[in-house]
Amino acid sequence: MFPSGSREGGRDLTASTLSDREFEQIRHLLYEQAGISLSPGKKALVIGRLAKRLQAHGLDSFGDYFSLLTDRRHGDELTTAIDLLTTNETYFFREPKHFEFLRQEILPKVRPGRTFRVWSAASSSGEEAYSIAMTLADALEGHPWEVVGSDLSTRVLERARAGVYPMPRAKDIPDPLLKRCCLKGVRSQEGSFAIDPDLRRRVSFLQVNLIEALPQLGEFDLVFLRNVMIYFDHSTKQQVVQRVVSTLRPGGTLFIGHSEALHPLNPALSVVRPSILRKRLS
C-alpha cells in the first residue's frame, strides 16, 4: 500500500488524481461485486493499488479505467482489480486461542468413522487452512478429515494451492508441527518452506464469493469465518452469516475474529465463548 500515492509514467499520483466521482464509482463497484464497504478515507489505497493497472492499459484517468472495469469484454481485469483492492493479511495460527479450543474442546469429541470437515471461508493465501490441517493431522490420526479453503481472490488462491511460503512466516508454527508438516527449501527454494505434499493433498481451495449464493459445499463440523466480516455493512453481514450457518451441521462450531461481533445476527447460533459460536441442535 502506498498511503501518500504512487507514481505513473514519471508523475506523482496523489488523491487529487482520483476525483470524488471516480472514487465513488469504484467504491460502489467493489461493494456490488464483493460486498466490501470501502471507507471514504481510502482514496490513497485505491490509487496505490490500481495506478499500475492504468499504466498497463495506457489509460489517462481512473474514469477511463472504471469504464474498462464495467466492460464485460474485460472481465479478467475486474477480477484483478478486486484482487488488488481486497486486503489479505494473514499468518499461521492466527488467534491461537481458537486453535487451543479446537484441540482441547472439539477434536477429542470427534466421532470415529465420519469425516470431520472444516471450512476456512476467507482463507486468503492458505495460512489459516494449513494451520487447521496441521492441527487435525496431529490430533485426528487415523480419523478421516477434510479442509476446504475459499476466497474471492484468485491471486491468493494460487499461492495457497502452491503451499510455499517465505521462511519468516514459519515463526508462528509450533516446532513439532513445523517438523512434521513442512519441508525446508533447498537450492533454488532456499529461504522458503513448503507444506508437506501429503498434507497439502487433504486441503482443497476454491473461489467463493460470500455475498452470492454458495456453491454445493456440503456440511461442515466447523467453519472459520474470521477477519472478513469487518469489511461488510450490517445488511451484508447478516446475509453472509445466514449462508455460512446453513453449511454448519447442528452442533457445529463457528469461529469469528476476536474484533468481530455477530450475535444476535442469527438465531441459530449460541455463544460458547467470545468469538466462538455453536449452531443450535434444533
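The values are calculated or read from the model by the stated rules, or taken from the named source; none is laboratory data. Treat the numbers as computed from the prediction; the structure is a model and nothing was measured. Cβ: placed from backbone, ideal geometry, glycine included. Neighbour counts: every protein chain shown.
For the range 59-87, residues that are in contact (Cβ under 8 Å) with a residue 24 or more places away in the chain and crowded, with 16+ Cβ neighbours inside 10 Å total 13.
Answer yes if at least one residue in the range 4-14 is part of a helix (DSSP H, G or I) and either hydrophobic (A, V, I, L, M, F, W, C) or modelled with pLDDT under 85 (or both), and no otherwise. No, there is no match, as no residue in the range 4-14 is part of a helix (DSSP H, G or I) and either hydrophobic (A, V, I, L, M, F, W, C) or modelled with pLDDT under 85 (or both). Looking across the range 72-96, the residues that are at pLDDT 85 or above and acidic (Asp, Glu) come down to Glu77, Glu95.
Using the structure shown, decide if Arg49 is surrounded by fewer than 17 Cβ atoms within 10 Å (Cβ to Cβ) and either part of a helix (DSSP H, G or I) or modelled with pLDDT under 85 (or both). Even if it seems obvious, please write down each step before you answer.
On the way: surrounded by fewer than 17 Cβ atoms within 10 Å (Cβ to Cβ): no; either part of a helix (DSSP H, G or I) or modelled with pLDDT under 85 (or both): yes.
When the stated conditions are applied, Arg49 does not pass them.
Criterion applied to Ala133, Ala129, Ala137 was being closer than 11 Å to Val223 by Cα and either touching an Asp or Glu at 6+ places or on another chain (Cβ under 7 Å) or not in a loop (DSSP other than H, G, I, E, B) (or both), and the one residue passing it is Ala129.
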